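What follows is a set of notes on a single structure, which appears directly below.
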Amino acid sequence: MSMNSVGRPTRPEAAAPAQAAGVPATLSGGRGLLQDEALIFELGGWEKTGVDLPNVDPDGLDLGDLVRTAPIGLPGLSEPEAMRHYVRLSQKNHAIDLALYPLGSCTMKHNPRLNEKMARLPGFSDIHPLQPQSTVQGALALMDRLAHWLKTLTGMPAVALSPKAGAHGELCGLLAIRAAHEAKGDARKRVLVPTSAHGTNPATAAFVGYAVEEIAQTEDGRVDLADLEAKLGPDVAAIMVTNPNTCGLFERDIVEIARLTHAAGAYFYCDGANFNAIVGRVRPADLGVDAMHINLHKTFSTPHGGGGPGAGPVVLSDALAPYAPTPWIVHGEDGFALVEAPEGPAERAFGRMSAFHGQMGMYVRALAYMMSHGADGLRQAAEDAVLNANYIKARLQDVMTPAFPEGPCMHEALFDDAWLDGTGVTTLDFAKAMIDEGFHPMTMYFPLVVHGAMLIEPTETEPKHELDRFCDTLRLLAEAAKAGDAERFKGAPFHAPLRRLDETLAARKPKLRWRPEAALAQAAE
Ligand SMILES: *Cc1c(COP(=O)(O)O)cnc(C)c1O
């Protein structure tokens, strides 16, 4: 068996071939038509290669003692072997193109292929950020158009396009807020964050140097206004509130939240990750928001879930716009231009968020999504996302316990684990059993304020019969749990290519490096 550099087996399954009672282990490690797959370094030898290069005479080169003498150590695979390796791996992964992907707070919706086609147009994909601006006028025009629609949809006067993810957008927003306070000579110290916030909110505030303080939540899952009012004060720089919040609920008092915040001289940062639920229905500017990131990879459907790339443009109010980071686009006599080194009043820009201008491919996909939907289509997408989540809540609320049973939810249906009491089954076990039934689990144990949380976000792109299949399956599983069939859950997943892994160890001590066994043996000597 192969080991990685710290002696952990690279095939955890082979190390512990636990099997369901009565289900024989396969002889090869494969399952059904899914073949067992080794690491690419373990496949083939180093002597092969997929390309045919002429031999070179090292003496004729000018490399001196830089000429490589040892093997390069790259896996030697022919083209079909390399293809098979990656296609097999891809089949072990879940994807939105395979089935429902109900991860709450992630908005895993279908990515229209039209977006992909647009993003591959050579004028957008085969350009370089250092090219003369006169040769990339189309790309700049596209960014300008995207900026226009982001401002229009949010009602905000300015947008910084360059942040590369939601969390990066939070950093951008808080840096603008800090710059605005500093410009007034006002060194504020605290940022208030509700208890249900996504972990990136307090992490960002702490990263920027603020002390983070929690705002309590009401019984019905909203910001506790009395607690907010008590904690606001002359040293509070900003509040960071998600709307709809991570419990999938609209913050009913949002206008009052903004008023109280502004009265205390603080800014209102809105985490816009859930914009998909309200786009076309509500403009954040009308709610009193000063800064909000928009996860293009969530609301405007660019692929994510495999690690990106994402894009997190930040819209800014009049108060914060002067501090927006460079670059931005202006439209002058000679066409579009990127302002990299602002002069005059624009010199207040706090700096930059990335080396160049952000994720061009994501801009193209997001604009293609917006333009193909139109104003009515975007609004309907938001409405359908909310309708789908409420359908799930309605179909499951007699067998599972909704965390906030009163009233409708927004785009996510949130359940707690009270209904599993006494069954011996946990949220984690239940989620693993869903994998056996062919469904990707929902988001588990988030938000932290709800015990054993199960956060289901179906998105607008699921048709009713898919939602029914999903709900029917969850109902059957829920009944099995309540009927005392804990075994089905405790050992799950039984049918996945890999069985249950030690996720805590994997997250806390990831072992990402592989070294050949020969090198390991040497190191041990
Ligand atoms: C996804 C998400 C974020 C972070 O966005 P990334 O693009 O993953 O950095 C922040 N807040 C909430 C509520 C989110 O759902």
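Rule-based calculations on the coordinates, nothing more; no lab input. Bear in mind that the values here come from a model prediction, so they are computed numbers and not experimental data. In this analysis, Cβ positions are derived from the backbone assuming ideal geometry, glycine residues included, and neighbour counts consider all displayed protein chains.
Key figures
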item: For segment 57-180, size of Cβ-based charge dipole, Lys and Arg +1, Asp and Glu -1, in debye; result: 900 debye
item: Relative packing of 254-263, 316-325, which averages over residues the other C-beta atoms within 10 Å, highest first; result: 316-325, 254-263
item: Nearby lysines by direct alpha-carbon distance to LYS151 (threshold 24 angstrom, same-chain neighbours under 8 apart not counted); result: LYS109, LYS164, LYS298
item: Relative contact order, percent, the chain [alpha-carbon distance under 8 Å, six or more residues apart]; result: 18 percent
item: Label-point separation in nm, ASP472 to LEU33, each point 7 Å along Cα→Cβ; result: 2.3 nm
item: Counting DSSP beta bridges with both ends in the chain, the antiparallel % (nearest 5); result: 55 percent
item: Aspartates and glutamates with Cα under 13 Å of LYS189, excluding same-chain neighbours fewer than 8 positions away; result: GLU213, ASP235
item: Pair TRP46, ALA141: separation of 7 Å Cα→Cβ label points (nm); result: 5.3 nm
item: Sparse-neighbour loop sites [chymotrypsin sites (Phe, Trp or Tyr not before Pro); segment 325-393; at most 15 other C-beta within 10 Å; DSSP]; result: PHE356
item: Net charge contributed by nearby residues that have their C-beta within less than 13 Å of LYS298 (K/R +1, D/E -1); result: -2
item: Residue order, fewest to most surrounding Cβ atoms within 10 angstrom, among LYS117, LYS109; result: LYS117, LYS109
item: Cα gyration tensor shape for the chain, rounded if a/c is under 1.5, else prolate or oblate; result: oblate
item: Order of LYS189, LYS151 under a 10 Å beta carbon neighbour criterion, fewest first; result: LYS189, LYS151
item: Helix runs (DSSP H) in the chain reaching 27 Å along axis by Cα, Kyte-Doolittle at least -0.5; result: 360-396
item: For segment 377-508, diffusion coefficient by Stokes-Einstein and Kirkwood Rh (Cα), 37 °C, 0.692 mPa s, µm²/s; result: 213 µm²/s
item: Theoretical gain in end-to-end length, ILE72 to ALA319 [0.36 nm per residue, Cα-Cα removed]; result: 83.3 nm
item: Exposure proxy order (Cβ contacts within 10 Å, fewest to most) of LYS231, LYS509, LYS393; result: LYS509, LYS231, LYS393
item: Within-13-Å neighbourhood charge of MET362 [Cβ basis; K, R +1; D, E -1]; result: +2
